[in-house]
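Novice: Right, I'll just put the structure down here and ask away after.
Any read-out appearing in this document is the output of simple, stated calculations on the displayed coordinates, not a laboratory observation. Here the structure is a predicted model, which is why all the values come from computation and not from measurement. FYI the Cβ positions are ideal-geometry reconstructions off the backbone, even for glycines, and counts take in every protein chain you see.
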Amino acid sequence: MSEHLLEIKNLKKTFPLRNGGWFGKKERMCAVDNLSLTIEKGETYGLVGESGCGKSTTGRMIVGLTKADSGSILYEGKDISKMSEREFRPLRKELQMVFQNSLSALNPRLRIGEILEEILQIHGEQDKAKRRKRVLEVLEKVGLSEEHYFRFPHELSGGQVQRLGIAGALIIHPKLIVCDEPVSALDVSIQAQILNMLMNLKKELRLSLLFISHDIGVIRFISDRIGVMYLGTLVEETDTETLFANPLHPYTKTLFAAIPDPYIQGGEFQALTGEQPVRTEDFQGCAFYSRCPYAKEICKKQAPEFREVEPGHKAACHCIEK
Amino acid sequence: MLIRRKSISAASEAIFREQRTLKKEKLLANPALIIGFVGFVLIVLLAVFVPIFNSTDPNAMEVTKRLQPPGDGYLFGTDEFGRDLFVRVMYGARVSLWVGGCVAIFSCVLGTIIGIYASYFKVLDQILMRICDGLIAIPGILLAIALIAALGTSSWNVILALTIVYTPSVARTVRVSALVIKEQAYVEAAKVQGFSNFRILWRMILPGVISPLTVQASFIFAQAIISEASLSFLGAGIPAPAASWGNMLESSKMVFSRAPWTMICPGAAVILCVLSLNLLGDGLRDYLDPKVKGGKKKA
Amino acid sequence: MMEEKKNETLLEIKELKVSFPVHKKWLPAVDGVSLEIHPGEITGIVGESGSGKSVMSQSILRLRDHDTAVRYEGEILFEGENLLQKPLFRMRDIRGNQISVIFQDPLNSLSPVHTVGNQISEVLILHKQLSKEEAGKRSIQMLKMTGIPDPEACMKKYPFELSGGMQQRVMIAMALACEPKLLIADEPTTALDVTIQEQILHLIRDLNERLGMSVLFITHDMGVVSRICHSVKVMYLGQVVEEAQTQELFENPCHPYTQGLLACIPHLRVERGKELPVIQGSVPSLSNIPEGCHFCTRCRLADDTCRNCPPPLVEISPGHKVKCWKYADGAKEREVTAS
């Protein structure tokens, strides 16, 4: 097997759920539990799931904004989850992130040109003219112009700000960009523009993307491979075509049935009952047990293995035959 | 500034003009700032220039002209020793501005250092903030009197005492806004882009702290003037017979019913000075907030 | 279901124009909107941000009057009464009683310091003059109706203790407590997950069928509209650009904006690997509204007529109206569908 660009193994992250005061019992919830996935060079990996399933936490751990409790994140073979801030800094250049709300991710006190040039400056570009040339180049690449160089972030529209967020990630030639819901806050007509742009940029610059979204249509459009997350863990993973042609996990099926699509008048859909529970540290059994229409006795006691059901198609469910 | 004016193309010139117009509009939509600023500058100019051009000694007594009403050679009248009140109010302004300004600057510098350190190091935070809590728990004026009683009365000791009184509140403001800014998405984004902690501190947190600090500084300035006047009034401030608003109010209390101007003039000076500083602070708060446009908050 | 009632109108809006002062000029956020809502009908309003859909829905109850300067023109007739001419304090009898609203963000719309039970009972005590016990009983009934498991326990909880889906159910229970004739749902599912959204949509449709209550459903999501609404109006920059029965609209979208909006959704039939068709540019700000057709700055078919003269709202088939010059005379119609 060739070396993966990014390989995540048994990643786990917990957050305090209840502090319990000085004497009470402290409880922690697992945001991400036993998560493993790989991203290849030039691939777009889509991570889809409902809010609170741990997809954003996963993205933040990859770019080092959150430290993992256990497990490893191998980037080009090096474990970045255990690196100190100092060791990690040279790799920052290659691992970038686009936020859902780019406006709040931009320093409100600086002009756009200053923001972008400063990023270049800290990565060692000392020549002023070169910095400015590169900034204008990147602005053009994301569909902004020289005129925006002197603007403040709050003077731009929502779509332009998102383009700027992408420009900030692109400017230092990253290899992997984590896109955390980059189009969720936008209007559909603007969303389409940004999606097209991301897809073209990815092809042109041979980027790898980890695309995090709750919108199944968006994920399907942009991803090569998709992982479906539920309650901190992957329940299904395969390439996009297979997933939509043949979803295996009951959660994936109900998720697809719930998409409001103007052209699929679903008829009588099966509304999923209940809501996502909280995963405590002593959680047992299948993550989807509480809402699954096919749940059996074994699902309650034993967590299903995340196994390859068909070549290249993994799922975690007791009810799927090999 | 990374961007120099000389390299501006024609298109960007228009943007700068537009941004300047917006700034101007924002300023004009903020009468508190303008009135406060003009009032404060006026007081400073009077305090600086009147004693230069008017050579009357503020402490020169003329026993024949005791308790003259305002007008007729004495703009504000005279006090019970026949001293020119107008000149004394102006000299008093010097003292007040000097004390207030020093206290504002010292407590802001000290408070910023403490606040920033506290926001960065958890252990230090606990220690520093508990000390601040302790200091804040004691009523300010009482603390100042106690300190002066220990140190002795002099203008430097007044400044020192008031600085100790006001530093904790600055430290708290700075610490809170630094903590808020640290949680902002743009600081996280900067981390992802590889900014070092030191750079984040200087380029993002400090500029973010500056604007609430300026506002706080103008309020402290005003409060310090009141405190100084109160201390002098109580005899724990600037030693008499030096002209200070507090001293003048104190000496007027015996003759107030016969010569109300002896109290009204320094009292009005305190009120006007504090009012314009407070207006200035209120105005600055709106003006320095990048999210407020043209006097109104963006929806 | 609603055939026999079709001829009466519950709410009628005539040429409504709502303006706000910006830089000393009055700019219309809603510009000449007319609509009718019949009893038992779910009417959808779709539009992007800045289309004026929320402002329009808020003006029905005049929710903006308290905190900003607003200027209304036109009429809003609720059961024949013009709401715009009512004194504001009379509006209180209508709000929450005859017309209820649910908002996008349920947590911010509920009081954080009162229990769910208290808040629902309060509405009932206020409008229906029920006693405390009766109101409590009725509240439990309402919560049960919205599908909340264990409503008695829910009554004693505070809003932040509930999940997003449950909060929205509580909002709906509260909105329906006084059996309003009209429910205004302003993006009620936007903040929710798809599986929860499905549950809420199901609930609203179910309640509409059981109680015969009319719904004005405001959303930006074409998919949601297709699932719940009987008829749809598409808004752009303060104007209705197209209106039709839901099925008709999706099968035969006529306005270039509606066509573009439907085409740019990355839904499940879109061919992967190809670019999505897009509507160029972005929505102009209120101060830059073009003189002619509002959409002309982004329309691929715009010509000089479009740029200079506002188009009329033309009925191209029964119930299907389009505000576009291409349909103003029948001859041009084929040209548009061909391109």
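Novice: If you project the alpha carbons of chain C onto their three principal axes, what span does each projection cover, largest first, in Å?
Specialist: Principal-axis extents of the Cα atoms in chain C, largest first: 66, 49, 45 Å.
Novice: Also: Out of A:Ile172, A:Ile62, A:Ile190, any idea which swings most in a Gaussian network model of chain A, alpha carbons joined below 10 Å?
Specialist: Its mean-square fluctuation being the largest, the pick is A:Ile190.
Novice: Could you tell me what % of all Cα pairs in the stretch B:212-277 have separations over 20 Å?
Specialist: Beyond 20 Å sits 31 percent of the P(r) for the stretch B:212-277.
Novice: Determine one quarter of the surface area of the Cα convex hull of chain A, which equals its mean projected area, and express it in nm² to one decimal.
Specialist: Convex hull of Cα atoms, orientation-averaged projection: 19.5 nm².
Novice: Moving to a separate point now. Quick one: longest stretch of chain C between exposed loop GluC sites (Glu not before Pro), exposed meaning at most 16 other C-beta atoms within 10 Å and loop per DSSP?
Specialist: Values: sites that count: C:Glu8, C:Glu79, C:Glu271, C:Glu275, C:Glu291.
The reported range is C:80-270.
Novice: OK, next. Please compute the contact order of chain B in relative form: average sequence separation of alpha-carbon pairs under 8 Å and at least six residues apart, divided by the residue count, as a percent.
Specialist: Relative contact order here is 27 percent.
Novice: For the stretch A:143-201 and the stretch B:159-177, what is the separation of their Cα centres, given in Å?
Specialist: Going from one Cα centre to the other spans 42 Å.
Novice: How many Cβ atoms of partner chains, on average, are near each residue of C:216-226 if near means within 10 Å of its Cβ?
Specialist: For peptide C:216-226, the averaged partner shielding equals 3.
Novice: Can you give the percent of C-alpha pairs in the stretch C:1-128 whose distance is more than 18 Å?
Specialist: Counting every Cα pair in the stretch C:1-128, those more than 18 Å apart make up 62 percent.
Novice: Taking each residue in C:189-196, count the Cβ atoms of any other chain within 10 Å of its Cβ, then average. What number comes out?
Specialist: 6
Novice: Okay, next question. What is the Å³ per residue value for the convex hull set by the Cα atoms of the stretch B:139-255?
Specialist: Normalising the Cα hull of the stretch B:139-255 by residue number yields 112 Å³.
Novice: Still on this model: No solvent, one uniform scatterer per C-alpha: report log10 I(q)/I(0) for the stretch B:11-78 via the Debye equation at q = 0.12 1/Å, two decimals.
Specialist: The computed values of log10 I(q)/I(0) come out as -0.60.
Novice: Is it possible to state the helix-based mean residue ellipticity at 222 nm for chain B, with each DSSP H run of 4+ residues giving -39500 (n - 2.57), the sum divided by total residues, to the nearest 500 deg cm²/dmol? What is it?
Specialist: -24000 deg cm²/dmol
Novice: If you don't mind, there's one more thing I want to ask. When the convex hull of the Cα atoms of the stretch C:25-86 is projected onto a plane and the area is averaged over all directions, what value comes out in nm²?
Specialist: Quarter of the Cα hull surface area: 5.1 nm².
Novice: Now, a different point. Pairing rule first: another cysteine's C-beta must sit under 4.7 Å. Under that rule, which cysteines of chain A stay single?
Specialist: Among the cysteines of chain A, those whose Cβ sits 4.7 Å or more from every other are A:Cys30, A:Cys53, A:Cys179, A:Cys292, A:Cys317, A:Cys319.
Novice: Please give the average number of partner chain Cβ atoms lying within 10 Å of the Cβ of each residue in A:103-112, rounded to a whole number.
Specialist: Averaged over the peptide's residues, the number is 6.
Novice: What is the packing order of peptides B:139-151, B:108-120, taking the mean over residues of other C-beta atoms within 10 Å and listing the highest first?
Specialist: B:108-120, B:139-151
Novice: With every atom except the alpha carbons ignored, what do you get for Rg and Dmax of the stretch C:177-231, in angstroms?
Specialist: For the stretch C:177-231, the Cα-based Rg and Dmax read 10.9, 30 Å.
Novice: Quick one: P(r) of the stretch A:41-175 from all Cα-Cα pairs, 5 Å bins, percents rounded to integers, in order of increasing distance.
Specialist: Using 5 Å bins, I get a P(r) of 2, 9, 17, 20, 18, 15, 12, 6, 1, 0 for the stretch A:41-175.
Novice: What order do you get for C:Lys24, A:Lys82 when you list them from fewest to most C-beta neighbours inside 10 Å?
Specialist: Neighbour counts put them in this order, fewest first: C:Lys24, A:Lys82.
Novice: Let me make sure I get this right: for chain B, a, b and c are the square roots of the gyration tensor eigenvalues over alpha carbons, sorted descending. Under 1.5 in a/c it's rounded, otherwise prolate if a/b > b/c, else oblate. Which is it?
Specialist: Verdict is oblate for chain B.
Novice: Give me D for the protein assembly as shown in µm² s⁻¹, whole number, from Stokes-Einstein with Rh from the Kirkwood sum over alpha-carbon pairs, 37 °C and 0.692 mPa s.
Specialist: 100
Novice: Considering every Cα-Cα pair within the stretch C:110-177, what fraction, in whole percent, is farther apart than 15 Å?
Specialist: Roughly 41 percent, rounded to a whole number.
Novice: While we're looking at this one, here's another question. Given Cβ point charges of +1 (Lys, Arg) and -1 (Asp, Glu) and nothing else, what value in debye, to the nearest 20, does the dipole of the stretch C:110-177 about its Cα centre take?
Specialist: Working: 8 positive and 6 negative charges, 21 e Å.
Computed charge dipole of the stretch C:110-177: roughly 100 debye.
Novice: Too long at a 19 Å Cα-Cα cut-off: which of A:Lys9/A:Lys300; A:Lys202/C:Lys274; A:Lys175/A:Lys203; C:Lys86/C:Lys233; A:Lys93/B:Lys122; B:Lys24/C:Lys24?
Specialist: A:Lys9/A:Lys300; C:Lys86/C:Lys233; A:Lys93/B:Lys122
Novice: From the phi angles alone, apply the Karplus equation (6.51, -1.76, 1.60; θ = phi - 60°) to the stretch A:153-160 and give each ³J(HN,Hα) in whole Hz, x where the residue is Gly or Pro.
Specialist: For the stretch A:153-160, the Karplus-derived couplings read x, 6, 8, 9, 7, x, x, 5 Hz, x marking Gly and Pro.
Novice: If neighbour count is taken as other Cβ atoms inside 10 Å, put B:Val103, C:Val283, A:Val161 in order from fewest to most.
Specialist: A:Val161, C:Val283, B:Val103
Novice: Could I ask something else about it? Using Cα atoms only, what is the angle between the long axis of helix C:132-145 and the major principal axis of chain C, expressed in degrees (0 to 90) to the nearest 10?
Specialist: Value to nearest ten degrees: 50.
Novice: Compute the long axis of helix A:112-122 from its Cα atoms, compare it with the longest principal axis of the Cα atoms of chain A, and write down the angle in degrees, 0 to 90, nearest 10.
Specialist: Once rounded, the angle reads 80 degrees.
Novice: Still on this structure, I have one more. Peptides B:274-282, A:298-306: what's the order by average Cβ count within 10 Å, highest mean first?
Specialist: So the peptides B:274-282, A:298-306, ranked by packing, come out B:274-282, A:298-306.
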